[in-house]
1. From the residues in region 122-161 that are farther than 27 Å from residue 68 by Cβ and not in a helix (DSSP H, G or I), which one is farthest from the ligand (Cβ to nearest atom)?
2. Kindly indicate whether residue 201 is near the ligand (Cβ under 10 Å from one of its atoms), under 14 Å from the mean Cα position of the chain (by Cα) and either part of a helix (DSSP H, G or I) or buried (at least 22 other Cβ atoms within 10 Å of the Cβ) (or both).
3. What is the residue count in region 65-78 for residues that are modelled with pLDDT under 95 and at negative phi?
4. Which of the residues that make up region 96-107 are in contact with a strand residue (DSSP E or B) (Cβ under 8 Å, 6 or more places away or on another chain) and within 14 Å of the ligand (Cβ to nearest atom)?
5. Considering region 54-86 alone, what residues qualify as being part of a loop (DSSP other than H, G, I, E, B), out of contact with any strand residue (DSSP E or B) (no Cβ under 7 Å at 6 or more places or on another chain) and more than 10 Å from the ligand (Cβ to nearest atom)?
6. Search region 169-198 for residues being within 21 Å of residue 253 (Cα to Cα) and assigned to a loop (DSSP other than H, G, I, E, B), and hand back the single one that is farthest from the ligand (Cβ to nearest atom).
7. Looking at residue 116 and the list (1) within 11 Å of the ligand (Cβ to nearest atom); (2) over 27 Å from residue 161 (Cα atoms); (3) touching a residue at least 12 places away in the same chain (Cβ under 8 Å), which single condition is not satisfied?
Ligand code: ADP
């Protein structure tokens, strides 16, 4: 739906040893020591402890199921979890992305990042187990809000965006580039009266190492409509390319889950953005929030805010809204 293929020359020969757990000379890691350290940290789940039940959702490649995991922290009651599967027949790149997601998630611990539980390998079948996010994905949630237009408060939408920015700030500080930030990849859980958003789907994420950038060399399907010019032109990814995608995510939130650049093909979007074209202000978005979006889409990546600044700006906009005496609800036509 949102993907296009870019030029390729990345070797994927190492994938079979990746899955088998042997030592790997992976082009995706900054050092073999780092890869080996990470791999030994991944929690492995015995398959008999896992019961896979109903389908929760289909991704671009695999499927995600509701599952029950026995014996967590010696509890007698099994823990509900999400189980991500891969189709039996899939490309090496897909397998690699899947495994990278496990590797990456196992390193990340933050309240706004989907929690990794473990990986279960049996023969050629590999399952990725994460915490269950009972509210589904952010895009579907936003689309449901369209039926309740008069009840939507700017504040609530901003709080969702602050959650994502908080998760992204943690990624930025830990040298992790997500590369696929979009509402479809953020998941919701209900905590008391508050809906918490967490960043998920780390299949495309990479560690930057000391250089702070990741240069993409491989063939892969890439989310063009969420990508900055330097990412789709030169294949260079930094935390500031994530900032661009975050700007598009803000646009998705305030357009209540619309697909960006409607009616435009990926090629047309690349031409449009390269020549300075940008997404228009969504109807229910304030000037200040649109200003923040456009800052995220600065041509020069150095001029884009980092996630700390984004979070600060959103927090101050949200507090300003709190203090305002005007109606906190957005007046949008039904
Ligand atoms: P892919 O990486 O192949 O695109 P996703 O990770 O996006 O797959 O998952 C596809 C769908 O499965 C999501 O849109 C969501 O509805 C559901 N899903 C994914 N992870 C979870 C989770 N941890 N808890 C609940 N539902 C999930």
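1. The selected residue is 153.
2. Working: near the ligand (Cβ under 10 Å from one of its atoms): yes; under 14 Å from the mean Cα position of the chain (by Cα): yes; either part of a helix (DSSP H, G or I) or buried (at least 22 other Cβ atoms within 10 Å of the Cβ) (or both): yes.
Here the answer is yes, as residue 201 does meet what is asked.
3. Residues of region 65-78 modelled with pLDDT under 95: 70-78.
Narrowing further to those that are at negative phi: 70, 72, 75-78.
Matching residues across region 65-78 total 6.
4. Scanning region 96-107 gives 98, 99, 100, 101, 102, 104, 105.
5. 70, 71, 75, 76, 77
6. Here the answer is 193.
7. Condition (2) is where residue 116 drops out.
The values are calculated or read from the model by the stated rules, or taken from the named source; none is laboratory data. No experiment lies behind these values; they were computed from the predicted model shown. Here Cβ is always computed from backbone atoms with ideal geometry, including for glycine, and neighbour counts include all displayed protein chains.
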